Every structure is written in structure tokens, then in C-alpha cells.
Amino acid sequence: MIRSAFVATSNASRSLMRPWDRDFALAAITYVALYVALQWLSNVRPLLALNINPWNPQAGLALAFLVLYGGRAIAVTAAAVVMGGFAVRGMPANLPVQMAASVWVAIGYGGLAAFLREREIAAQIHTVRDASRLAGAAVGGTLIVAAAYVTIFLASGQLPLSDAVTAVTRYWIGDLSGVLTLTPLLINARGWREHLPLLQRHRWEMISQLAAILLTLWIIFRLPTADQLRFFYLLFLPVIWIALRWGWRGAMLSVLLIQIGLIVAARTEIPTARLIDLQFLMVTLSLTGLLLGAAVAERAGVLRRVAMSEAEQRALLAMAPDAVLAVDPHGRVRMANAAAARLFGEGIEAGEAQLAWFLPGLQLDRAQDRVTLNGRRADGSSFPAEIAQARLDPPANEGYLVTVRDATDRRRAEEQLRERDAALARAMRFAVAGELASALAHELNQPITALVSYLRASEILAAQPVGDSKRLQATLGKAAQEAIRASAVLRKLRDFYQGGARKSERVDIAALCRTVARAFEDRLRRANASLSVAIDPTLPLVEADGTQLEIVLHNLLANALDSVSHVAGAGRQLELHGSHHDGVVTLRVADSGPGITAEVGRRLFEPFVTSKPDGMGLGLAISRSLIRARGGELSCERSRKLGGAEFTIRLPIDPPSDTPSV
Amino acid sequence: MNISTSPDATVFVVDDDASIRDALSLLISLKGLRASVYSSAEDFLAVYEPTWRGCLLTDLKMPGMSGLDLQALLRQRGVTLPVVVLTAHGDVSTTRAALKNGAVDFLEKPVDDEVLVDVLRNAIRIDEERHRATAESAQAAARLARLTSREREVLELLAQGLQHREIAERLAISPRTVEVYKARMMEKLQCRTLADVVRIGTNLRSDMAAKHPA
């Protein structure tokens, strides 16, 4: 019977929108039949002729049907109530009053059902709040229905006023326990098949729970009539047990079973006077089962979510490439992930490990962003460790989370890059030297070739028996000329490095600065340094040798970049600044490096003075002579803005006609 | 001084450096060779005559046409004048290219007189040999042209190493007639021995093979 009702309701619910289709008709017929059957079953010692019973499961059925099918179910419900009345008592004398009361019951529960639907109560019971809302709505709704029902009979004079309170109470409590027990079960019955495997798996547990209920009922009703109600509280034990194990569904089913048992017993065993006690007992059982079951379901849900997020976090930690350590306030390692075990060795997972042993010098309580220090492995070897740490948020603020990364590889890569740069610079210097030697050899070979030929010719002329002294003289003179020419080549070379032999052109300083800055883009990026270029757009053209000026600027920027690579990554700043004033163009190259030591500073522009391990110490010396040869000056001081060194080139826009020699 | 050097052999010096031109020509002439100087490859090409004997001594790096370009252009025009390259330090790859293109030698600046004169004399001798070979083959061709077709056939068969009797069978004439043709042919070619005949015949064959590749 019950099973077919479930099937019918679930079929009907799929076609809610079509008013009188086949599915609904089937569901309605089943519903009415069930309603009448339940009415008949629960008809235990009704109060007078008012159709008031101690337990009204049909009210729960009606409410569930109304919730599932909406307004069109009201008429069916009214019919069911009327037919229920006929089935129990036959044709009553006061037919119109009974009809009015039945219609009211249908309308009253229709309203309660609409309220439940609109507020989405009872459709899902996951939390204690859901259960409380359902219980509250049921208490209020059934009270209204009961009060109005009794009022109708009062008004028709069929009920004396003195019995009104008793009648309302009994009707109300009877409907309430029916509604609490059946309505949520029926509304949520759609997925009942899903629970079958559970039933199978825990067969023996369920059977023993069922046995506990039956045993309890048997104990109660084997007692003398007077003592029976005293031991009703025993029924709470199986209900609580079942609620804790299976949630509100199991609790409601067990309550339903108990109620059926009690009603069967009430037919014979329980005195009418105690029926009201029985009613309260059943309502209390229903409420207890519902609320406790909902609390269990809620807790299970929370636990499931926590377990899931913990599993996610565990997976995350296991996958993390960096070592992650949870540390308690005393510096003990509470948790270490797989990467930590790999990095530090097996000892760190034991739970007894002190973080201070593995990361000596790390200050956990100090608010710091990231630190790098030497870590120690379980085997005692050390490695450069990059550490990030965070205090755990409240309410778990008892400790810290520390991540550690092995910086060995990164350090080595940086080292290799630096070495490669140095090797490249060395190779460049050799290439430049080779080029220079080649050019020099070519220039010198010309006069020397002529010189050797003249001298050999002179030799031959001198050896001739008939001397041609004039010719010999001329040839020797030419030879001397060639020797002078050779020395001129050498002088020209020296002059180039002293800035003596320079070309002069109109140089666009701003464009030149941009060209040099662009040439550094790649090296700046690799060194993680920034260069800000600020050139006065009104800089005039300057009479100078553009190539020499470019060499000097290039040299100064290269020095600055070398210098900032000694400081931490974030603060690597270079600045190229150009301005003019009173016929003098000023170019400044400043850096945020450590600056020039006093010792180096005094001899900075002398040749072969350097602070670089692989430097030749010629750059600044040559740079200064090139600038001075043009009547300018190159000087160095401490940068006020960036804190490192600042080199200043001052160039007159029109150079003096007589350039000083160096 | 060296008698083997023909009197009209000249060293043609091409160098953009006036001092080097002057010094080299002085030294070369004092060593008994004739020297003629040009300040650029273009100047030399403008006046060059195919009848000129001797060798070319050229600098590699010059403004305008380089020594390498000059060498390539001469080769392209079929000029057989031997080329000696005068190179400055650091021109190793250029020098290698010059040698590959047929330069007979190279000299590195500064160069001493003994080496210079040795190399130049050697180059001039190569020029003379080339010239003589060309003249001889021209003479031989002229003599061959005077042969009748029968005499020419006998020459070719003799060069192949055939006996008189075999030649007679091939040409369907008597061995006696073969001997008459042979005697006339040897007289026209001014050959005294059979070996001379075979040499000329072999040259002829290889020339023909070169002119009409099969």
C-alpha cells in the first residue's frame, strides 16, 4: 500500500503543471484510499462525535500531498476528509457542519502547504535550522486548523464550550504528531531507493534496532495499566540510537513504528484519561527524533566537508615543490610535507624535530617577508635556504607555517651566468687587443717594408765597384723618411688613446644617451636592475667626437651596473641624467651600489686602479682623458639620491680652440 | 746578371703605397730585373698588353680593386702572367684564397731582398715555361696542318703503337706504302726518331679529345 503510494506520488510530481492528467488522477485515488484507511486505523476512542483522535497520521499524509501537488489537491483533500468521516462513523446527523469542517481542514492544510512550499521548508532537511522551521510551521499550522475546526462545531452548538480547550488540544496534538512523523518522510520519499544498499549493508544493526523498539513496547505494555505510562521514557533510547546512526529519516521511521504500536495498544490497553499523556509523548518523540536526526545529519555534512578540505590540503602539501612545515609556538615541527623530507632528510618528520636545528638563526616571531639563510640537513650538510613564513590565522594562531626552498641551483645558475659574463668580457678584451695589434701591424708594416727595401738597395749600391754616392745618399734619405713614418704611426696611436687625434662633429647628446641606454636593456634585465633616463629635451648639439663620448658613457654605465649587482635585487637602480646650463652640458650616471671606497676614490682616475677582480683599471683613466681632451671634466662623488656612486661629465657646448694636452 | 732570364721579362709592381712602389722598384732593378710600377689595379689593367712577359707583384689591400680582384679578373681574361701576392700581417685567409686562385707565391711584409728576388725569378721562369709550351704547341699544330689525311692516319696508328704490317692491313695498303707515308710525315714534322712521332701523335690525340669531348 505505502509503496504504491510512493511510486504514484513520484510519478505525479513529474507532471505537476497539468491539472487532471492520468498520473494525478492515479495519485489522487491512491491518496484518498490511503487517507480513508489511515482514518479508520487511527480511529481510537474519538472525542464525542467530532472525529477527534489521539493520533492523526492522515493529517501528515494530506499535508505531504498538498505540498507535492499544490492548490489542485485541496479539492481532493476535502473529498478525502469527508469520505474518511463516512468510513469511520457512517452518515452523520449533522452533515452540513461536518462538510464545512472537512472543507476547512482541506483549505487550512492547503494554506500550510503553500506556506511550506513558498518558504522551501521540509523539501530539504540538512540542518537543525531546517528541522526547527518545519517543526515551528507544523505547530502553528496545526493549531490554527484545530482551533477553527473546533470553533465550527462550537458555533453549530454540537460542542459544549466547557469541552472546547480539551478538544482543541487533542485535535492539535493528534494532527501535529501525524504531520511531524509523516510529512517530511513522504515529501522526501522520492529518492528512497538510494537508501536500499544502506539497508542491506547494515541489516543486522537495523534488525537489532527494530527488536529494541519492539522489546521496549512489549516491556511497557506487559506492565500493569497504572505503571505503563511511567516507563514510556524508555522509548527514547531506541529513537535516539537510531537518530544518531541514520539521521532524521531513520528516527521518523522508528517514531512511526512506535506510534503504530502505541495506537494498537491504545485500542485496548490505555485508559481514555491517559490518552492526552500518550499524545504528548508521541509529539515529544517526533520532535526529538526530527531535531536530533537533523543535528546528526548537519554534523555529518560538516565532517564530510572538513574531511574533503583536509584531503585537498594534504594533496596540495604532498604535491608542493617547496618544503612546507607547520611549527608550534615552541618551534617544534608539527607537520612536514614530502618535499620537506626530501630537502632536509627523514629526521624532520618525526614530530620531535626542532626547527631551530634545521634553520639556525630563523626568527619566527619577527614579522619579515622573506629571508635567506643557511639551512641544515638531517645529515649535517648545509644549503642556502629561501624562507617564507606566516603566523597561522586565528583561531588556530598557535604557531607558524614555514616554506623553505633550496636556492643551491638558483645560486649556481647565477654564478654560472656571472662567470659567463666575465669570460665574455675577457674574450671581448682579447678580441679588441687582437684587432688593435692587427691594425697596428698593418700600419707599421708599410713603412718598414719600404725601409727594408731601401736599406737593401743601399747595401747593393754601396757594394758596387763604381760608386754612385748620390744615388746611395738619396736612397738612405728615403730610408730615414720611412723610419720617421713608422714612428708617426705609433704617435698617432698614442694620440688616439689620449684623445689627441679626434674627429669633431655636431653630436646629439640626447640621441646618444638613448642609444647607449638601449644597448644596456638586455644586461639590465638579466641583472634585474632598472635604469631611468631623464634627458632635458632642449639639450643643444655639442661639438665633440660622438664615438668617444659613447665609449665614455658606455664605460660609466657598465661600471654602475657592476656596482649595483653587489646589492639586493629589489634596490638595483641606475640613473642617467642630462641637462645644460651656461653653455655646459652635464651628464650624470648614478647608481644604488655600495659606492666608492675612500681608498679607491683618491686614485680612481689613475690607470690600473680597480675594485673589480677581473678589471684592467683602464676604463676611467681613458674616459677622463677623452673628456679632458675636449675641454670637459669627469668627476665622481656620492649620489645623494641613490646612495651609490655618481659620475658627472661636464662638456662645454663650444670647446675651447686650444685643447689642453694631458 | 742571371743570363737565363730573358731580357724583356718585367716585374709589374702594383701597390697603393708610393714609398713601397719606389723602394721595391729600386731594389728590383738593382737586382738586375726590370720593374714597372702602378699605383692601382685599375692603372695596370688600363695599359696591360698580352705580349708582356714577366710576373705581377701585387699588394692585397688597396683602395678600389683589391689584389684578389685583380688576380681573378686576369684569370677570367685568360692572362697567364704569374701572380705573386704581397701581404701584410693578419691577411692569412686572404692569402689562402689568393693561392687557391693560382697565385704562384706570396710574400709577407716586410720582405727581405733575397727572398723577394728568388720568388720573382721563379715566377718569371714559370712565365717563360708557360710561354715556351704555348709556342711549341702552336708550332706543332702548324706542322700537323701540312700533313695529308693518309699521313695523319699513319701518324695516329703509329702513336697507338701498331706495327707497319698491322697499319697496312687497317688502311688496306701495302707495308711498303706505309713506310713511304711514314718517311714523308716524319720529314714534314721534322722528327728524327719514332719517339718524337709518338709524342706529337699523343699530344694531337689529347688535344682533339680536349676540343671534342666524346
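The values are calculated or read from the model by the stated rules, or taken from the named source; none is laboratory data. Small disclaimer: the values here were computed from a predicted structure and weren't measured. Cβ coordinates were reconstructed from backbone atoms using ideal geometry, including for glycine residues, and neighbour counts include every protein chain displayed.
What to note about this one:
- Considered as a group, the residues in region A:153-184 that are over 56 Å from the mean Cα position of the chain (by Cα) and of a type in the set (Val, Ile, Thr) include one that is surrounded by the fewest Cβ atoms within 10 Å (Cβ to Cβ), and that residue is A:Val165.
- Pairs linking a residue in region B:31-48 that is without any contact (Cβ under 8 Å) to a residue 24 or more places away in the chain to a residue that is of a type outside the set (Phe, Trp, Tyr) and assigned to a loop (DSSP other than H, G, I, E, B), with Cβ atoms under 8 Å and 6 or more positions apart or on different chains, are B:Glu42/B:Gly64; B:Glu42/B:Met65.
- The residue that is farthest from the other protein chains (Cβ to nearest Cβ), counting only those in region B:42-88 that are basic (Lys, Arg) and over 14 Å from B:Val104 (Cβ atoms), is B:Arg77.
- Exactly one residue out of B:Ala98, B:Ala103, B:Ala123 is more than 10 Å from chain A (Cβ to nearest Cβ), in contact with a Phe, Trp or Tyr (Cβ under 7 Å, 6 or more places away or on another chain) and within 18 Å of B:Phe12 (Cβ to Cβ), and it is B:Ala98.
- Residue in region A:319-332 that is surrounded by 15 or more Cβ atoms within 10 Å (Cβ to Cβ), among the small types (Gly, Ala, Ser), within 15 Å of A:Val404 (Cβ to Cβ) and touching an Asp or Glu at 6+ places or on another chain (Cβ under 6 Å) present: no
- Taken over region B:44-62, the residue count meeting the criterion of being over 19 Å from B:Val84 (Cβ atoms) and surrounded by 20 or more Cβ atoms within 10 Å (Cβ to Cβ) is 0.
- Residue tally, condition within 17 Å of A:Arg471 (Cβ to Cβ) and charged (D, E, K, R), over region B:26-46: 1
- Taking the numbered list (1) more than 48 Å from the chain's Cα centre (by Cα); (2) over 22 Å from A:Phe24 (Cβ atoms) in turn, A:Ile74 passes all entries but (2).
- Candidates A:Leu451, A:Leu472, A:Leu553, A:Leu539, filtered to the one that is under 30 Å from A:Glu414 (Cβ atoms), among the aliphatic types (A, V, I, L, M) and in contact (Cβ under 8 Å) with a residue 12 or more places away in the chain: A:Leu553
- When residues of region B:106-133 are limited to those that are surrounded by fewer than 16 Cβ atoms within 10 Å (Cβ to Cβ) and closer than 14 Å to A:Arg456 by Cβ, the one modelled with the lowest pLDDT: B:Asp112
- The lone criterion from (1) in contact (Cβ under 8 Å) with a residue 24 or more places away in the chain; (2) touching a Phe, Trp or Tyr at 6+ places or on another chain (Cβ under 8 Å) left unmet by A:Ile219 is number (1).
- Any chance A:Ser381 is at pLDDT 75 or above and within 14 Å of chain B (Cβ to nearest Cβ): no
- Residues of region A:509-542 that are loosely packed, with under 15 Cβ neighbours inside 10 Å and acidic (Asp, Glu): A:Glu521, A:Asp522.
- Only a single criterion out of (1) crowded, with 20+ Cβ neighbours inside 10 Å; (2) not in a loop (DSSP other than H, G, I, E, B); (3) not polar (S, T, N, Q) is not satisfied by B:Ala103, namely (2).
- Screening B:Arg21 against (1) within 14 Å of another protein chain (Cβ to nearest Cβ); (2) surrounded by 14 or more Cβ atoms within 10 Å (Cβ to Cβ); (3) not in a helix (DSSP H, G or I) leaves a single unmet condition, (3).
- Residue match in region A:311-325 (condition: at pLDDT 85 or above, closer than 23 Å to A:Asn374 by Cβ and of a type in the set (Val, Ile, Thr)): yes
- Applying a threshold of 9 Å to beta carbon distances and a minimum spacing of six or more residues, or different chains, the list of pairs starting in region B:171-185 at a residue that is of a type outside the set (A, V, I, L, M) and ending at one that is in a loop (DSSP other than H, G, I, E, B) reads B:Pro175/B:Gln163; B:Tyr181/B:Thr148; B:Tyr181/B:Ile173; B:Arg184/B:Leu147; B:Arg184/B:Thr148.
- Only residues that are among the small types (Gly, Ala, Ser) and either free of Cβ contacts under 8 Å to residues at least 24 places away in the same chain or loosely packed, with under 15 Cβ neighbours inside 10 Å (or both) were counted in region A:133-152, giving 2.
- Test: residue in region A:389-405 that is more than 14 Å from chain B (Cβ to nearest Cβ), at pLDDT below 80, under 57 Å from the mean Cα position of the chain (by Cα) and in a helix (DSSP H, G or I): no
- Test: residue in region A:485-493 that is under 60 Å from the mean Cα position of the chain (by Cα) and either among the polar types (S, T, N, Q) or closer than 17 Å to A:Glu575 by Cα (or both): no
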